[in-house]
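Here, each number is a calculation from the coordinates, and none is a lab measurement. Just so we're clear, the structure is a prediction, and the values are computed from it rather than from any experiment. Every residue, glycine as well, gets a Cβ built from its backbone with ideal geometry; the counts of neighbours run over all protein chains shown.
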């Protein structure tokens, strides 16, 4: 995820628009059971139970609305007919129908996809299905459609697996986000909760286990949608190279790269290859 501060200070150019992408289509006829044993564990936990899902999704929607409104006011949202916007929209439309198998709430989410003109190498998905890409991640890394699907699947997985909900709850429990916790526990207005929670969600850093979970869920989501799982490895190799060549990569501040990450992905690519080939069809 990226910092909201980047939106306010980044050197951007571009035009404005807003793209609402509704989840649609029937669930795949492929087996619904997860192919990767590592991500078959449940999402519930004691920490999550103190943060209602509705509240965290409202917080995500509120922050996303604020973010896109600010970008729109500065002319930084690319229009619906922009090739890269259409590209992202098409990739998301293939991934979203598989989301509900990881989180039943996703079937009712009002999915949104935006492309923001910025040199930032970044992308995120807030709770409730609010996706944003920054043009820098597409342009500087020269991502293929398969690699874009891996980024998008990874970010969607964080939302589907409710990693933000768990992290916010843990922060509230330790006092690091006491005011947020007070709002969640009913000590203030829900609207204020959303406003307070937003920046926390945008800048949230996930644990190593959350990152591995998102990698593997995203890998399977993309494979089920017909995207080559081998692109997950090439993506993170590009990230590693970019990290060496330039500093301040927003994506890597919350999604650190490393040999262990690539090794885990390489080990799991064969496990979803059958899903990919079934979805992609004859070549």
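Structure above, values below:
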quantity	calculated
Full-stretch length increase - residue 273, residue 81 - with 0.36 nm per residue and alpha-carbon distance subtracted	65.8 nm
Order of 146, 273 - criterion: other Cβ atoms within 10 Å of each residue's Cβ, fewest first	273, 146
Using distinct alpha-carbon pairs, which all enter the 1/r mean, Kirkwood radius of the stretch 65-161 in Å	13.6
Residues 124, 206, 133 arranged by fewest to most Cβ contacts within 10 Å	206, 124, 133
Reduced Cα scattering model of the stretch 48-101, Debye log10 I(q)/I(0), q = 0.22, 0.24 Å⁻¹	-0.99, -1.00
